[in-house]
Each structure stands twice: as structure tokens, then as C-alpha cells.
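Engineer: Below are the C-alpha cells for one structure; questions will follow.
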Amino acid sequence: MFPNSEATAPLPPSRTTSPDPVSCGLDDEPPSTPRRHPIWKDVPDHQWDDWKWQQTNSIRSVRQLRGLLPFTRDELEAIGKLEADYKLAIPPYYFSLINPDDPDDPIRLQSVPSPLEAEGGFELDDPLEEDKDSPVNGLTHRYPDRVLMLTTPNCTMYCRYCTRKRATLTRGGWEGISKDDERMIEYIRRHPEIKDVVVSGGDPLTLPIPKLRYYLENLKAIPHVDVIRIGTRVPVTLPQRLYDEELLSLLESAEKVYIQTHFNHPREITPEAARVCRSLLRRGMMINNHSVLLKGVNDSLQTMRNLLRGLLRIKVRPYYLFHCDPVTGAGHFRTSVWKGLEIMEGLRGHMSGIGIPTYVVDSPHGGGKIPLMPNYMVSMSDDAVILRNYEGMLVRYQAEDKPGTITRTPTRGVSGLIQGDKTSLMPEGNERMARRRKLQLIDDAPAGCGSHAETPEPRRGSAILPLPLMNGQHAANG
Ligand code: SF4
């Protein structure tokens, strides 16, 4: 998978390692402390930090796994059968993030085969129909101005839910993919509408340096290509690969490079991952993160908040949260769409907007990414829309400065807001309003019946201001 011919660049030293990965703050605030499974405790730091050592010592068989993790006899038999069809690879670094005492550990679920992979259901080999939008073998042209290039079937760790399992995990998948390199580049050269190229796989950072150089130099030289996105899980699963100055310099020299990485759980945000993200950022490469919503891994609001806050801490921008695709053998990872929306409801307003990814379903039949979010528009009329904020406050928003068109009818609630009787309905127990009261900016609002209180008439000195219109006037209130 990795070339053995590359010169080994001087390796940076490891930080202090923990002899016991389980008891030492396994789920501390990320990036927490470096970890090593006890079986590798005597490996010298210069080897541990060498990606080639990590690669050579990756766990690649059920036989190796059974000596490291507890399994039932049935589990071993089932995953032993899967081994004939699907690859397995877990570098010692990534394996050390697993809590071996927890059979449902989120790192284990992502990397260790499960008997559930053999169960069928609504599952497809090519759920996004990438192959049907492929004018050239290995290249998908779906959206107007961007293409996806599959450059290798190899990865440093094989994620058990991989959308491209047919090419990556499946033995003999796309071993011959790189034979179409020139045709892919030529297709991009001949299509000036292509502005953005996603270089993916597999993981392109597993490519030999000369091959990666071939892709990057050719793409850089195409004037209409503005953006080269490298889709890689290397910062998560084998950050040591990015200790290599030669690789970093190559990525930097391509100038148009953005990194698309893939953290799924806060425990993956380690000091090693933080360090390589810093290296990439210092060389001018923006890092965006894709997460996949995975049952048992990150399908809880608290885990997702910890993940997103941890990413901001290492200056990685949360970009997409993907609903897990219906790929063969990954049904046990899939949650409901409601779960995704429930999590999104707990993010917007509760944390900084720069930390909130777009939740998307990648549509069947090659329909592409479709964003989903909770409903924030509650009702509407010719004159105004009724919007809801994260607190449950309902507010009348009049975007245009024009005379009202509604014939007034005695009413209340949301209907009253539409008619302009009030400008907002405030939920009881609102902390923000309590703070304002403390500051004596407003008087107590009268409690409404039910869970909302209607805002009082605006008055001089009040912090409840009428809504601004586009021309700076104020909407009628009360
Ligand atoms: S790193 Fe990406 S391409 Fe490779 S197995 Fe994981 S999800 Fe699939």
C-alpha cells in the first residue's frame, strides 16, 4: 500500500505516552493525552512516530484481533467468514484509541469487523450511483462545476461503513483504478466548467509521492481548476504520515489544495491529530471536516457537541454531517433522519455557527447532497413570516416595507403574530430574558397561558424593540 522507496524524513519526537490507555482520561476534553496500547509500550518513539512502522504493524487479520480484544466464539466465527470478502487494517496508533473493555467502543465500532456486516437489508453496493455518472473510469461528474477522482482503493484504516466499500474494503475492489489517470486528467482539461476537483479514493495520501505529485501538478496546471480538495482520513487514522516534510511540501506546492478530513468522534482528536492539522494550516491549507452520523458512535447530542467543539479547538471547520448511506453491510450504523434533526436542533443557537455542519442526505439515484434542518419558519402570510429561534421564541419578521394587506380578524397566538397584533411570543423560563431583567433593561413580561408569554407593548427605554425593516423603519407592534 505504501511505497517503501521514499526517503525517511527526520521524525519528530513523540510526546509522553500513557502506559495504560484505558484508565488515563479516555474521554477527556479533546485533544487529550496520547495513548498507546500496552502491547506497544516498549516500541521506541522514533518507530512509533514512523508512518512506515505504523503501516507495517497494522492489524490486518482476525487472528491478530483475537489476541487484543475480547470476542465471543460466535463473533469470531462470523467475522472470520467476513475476512474472505473484506479487508481489515488498523494502525497501532488508531487501535490504541479503543477501550478494549467496551464491546461498543466507538473507535472499535468504526474499525473492527462486526457480525452485523453479514446482515442484509436496504443496502446497495453503489448507493450514490457514482459509477453511473462516470464519463471516465474512476471519475464522477455529477454537479455542474466539480468532479470526483478516485485515485486509489487503499486506506490506512478501513471504515466498516465506507460508502465506497465496493472499491475499498472489498478484496480485489478497484486494484486497477490508477490505469485511468491520464484519461481522468484529460477529461478535466477538456471541460472548462470544472472548477473544483475532489481527489479521493480510498485515501490519496496513501499514494506513492510520485503518483500524488502527478495528480497535483497536472491539476494545478489546469487554469480553470480553482480548488483541489484532498479527501483523506490520514489526520485521524495515521497522523504520522503527515509528519513527513516531503508530503507536506508537495501539498503546499500545489497551492490550490484544501483538505477534507473525516473525524467522527471526539476521542479521535488527539495531540497527534492536532499537530498535523496545525502543520497543514501553517502551510495555508484550509481543513474541512466531514462526519458520518453513525449509530453507537456519534448519534448523541453530547458526543456531537464535544466533537464539534474539539474540531474548532484544533481549527478544523465542521463542514458536513452525512446521514449514513445504505451501503452493503452497514445497515447497523444507520439511524433515523429524526435522530439527525434532533441533534441539529441541539446545535444551532447553542454553539457558535462556525462549529455547525450542514446535515445532508446523499440522495438515492445520484441526486446528490440534500441539506436537512429543523423547521425555523413556522408560518407565513403576504405581509410577514413567523420564525422560530433556538429558544422557541416566535417572532414576526416583516422583510419588505410595504402597507399591510391582511384584513384583521380578532385572533391570537401565531395567527395574531401574522396579523401584526404582537411582534413575538416568548417561551417561559427564557434565560436570555432573565438576564435582561437582572440588568433591569425590561420589566417582567406578562406570562401567557401555555408555554409562551406574549411580548408587551414596546415603550421608551424598553429592550424589546420593534422589528427593524429593511429601510431602517420599525414594524408596527402591538
Ligand atoms: S478512509 Fe474514507 S475511503 Fe477509506 S474506508 Fe474510510 S470512509 Fe472509506
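Engineer: Can you tell me which residue among Arg282, Arg275, Arg241, Arg229 is without any contact (Cβ under 8 Å) to a residue 24 or more places away in the chain and either in the same structural domain as Thr163 (by TED's automatic domain parsing) or within 15 Å of the ligand (Cβ to nearest atom) (or both)?
Structural biologist: Checking each option against the conditions leaves just Arg282.
Engineer: Quick check on Val136: is it buried (at least 19 other Cβ atoms within 10 Å of the Cβ), more than 11 Å from the ligand (Cβ to nearest atom), more than 19 Å from Ala330 (Cβ to Cβ) and not hydroxyl-bearing (Ser, Thr, Tyr)?
Structural biologist: Working: buried (at least 19 other Cβ atoms within 10 Å of the Cβ): no; more than 11 Å from the ligand (Cβ to nearest atom): yes; more than 19 Å from Ala330 (Cβ to Cβ): yes; not hydroxyl-bearing (Ser, Thr, Tyr): yes.
No, not satisfied.
Engineer: Give, as residue ranges, the strands (runs of 3 or more DSSP E) completely inside the range 336-382 that count at least 2 residues that are closer than 29 Å to Gly413 by Cα. Let's see the steps before the verdict.
Structural biologist: On the way: elements: 358-363, 368-371, 377-380.
Counting at least 2 such residues, we get 377-380.
Engineer: Scan the range 200-224 and report the pairs whose first residue is free of Cβ contacts under 8 Å to residues at least 40 places away in the same chain and in the same structural domain as Thr140 (by TED's automatic domain parsing) and whose second residue is part of a helix (DSSP H, G or I) and of a type in the set (D, E, K, R), with Cβ atoms within less than 8 Å and a gap of 6+ or a chain change.
Structural biologist: From residues that are free of Cβ contacts under 8 Å to residues at least 40 places away in the same chain and in the same structural domain as Thr140 (by TED's automatic domain parsing), the pairs are Tyr214/Asp181; Ile222/Arg189.
Engineer: Mind checking which residues of the range 203-242 are among the hydroxyl-bearing types (Ser, Thr, Tyr) and either in contact with a Pro (Cβ under 6 Å, 6 or more places away or on another chain) or surrounded by 21 or more Cβ atoms within 10 Å (Cβ to Cβ) (or both)?
Structural biologist: Thr206, Tyr215, Thr232, Thr237, listed by residue number.
Engineer: Go through the range 394-423 and count every residue that is surrounded by 14 or more Cβ atoms within 10 Å (Cβ to Cβ), aliphatic (A, V, I, L, M) and either touching a residue at least 40 places away in the same chain (Cβ under 8 Å) or closer than 23 Å to Thr358 by Cβ (or both).
Structural biologist: Residues that pass the stated criteria total 2.
Condition check ((1) on the phi < 0 side of the Ramachandran plot; (2) within 13 Å of the ligand (Cβ to nearest atom); (3) not in a loop (DSSP other than H, G, I, E, B)) across all residues:
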residue	(1), (2), (3)
Pro103	yes, no, no
Gln110	yes, yes, yes
Gly121	no, no, no
Glu129	no, no, no
Pro144	yes, no, no
Arg164	yes, yes, no
Met184	yes, no, yes
Ile188	yes, no, yes
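Engineer: Oh, and also: What residue, among those in the range 280-295 that are within 17 Å of the chain's Cα centre (by Cα) and part of a loop (DSSP other than H, G, I, E, B), is surrounded by the most Cβ atoms within 10 Å (Cβ to Cβ)?
Structural biologist: Step one: of the range 280-295, the residues within 17 Å of the chain's Cα centre (by Cα) are 286-295.
Next, from what is left, pick out any that are part of a loop (DSSP other than H, G, I, E, B): 286, 294-295.
Values: Met286: 16, Leu294: 24, Lys295: 17.
Among them, the one singled out is Leu294.
The values are calculated or read from the model by the stated rules, or taken from the named source; none is laboratory data. Source: prediction; values computed, not measured. Using ideal geometry, Cβ is built from the backbone for each residue, glycine included, and neighbour counts are taken over all protein chains shown.
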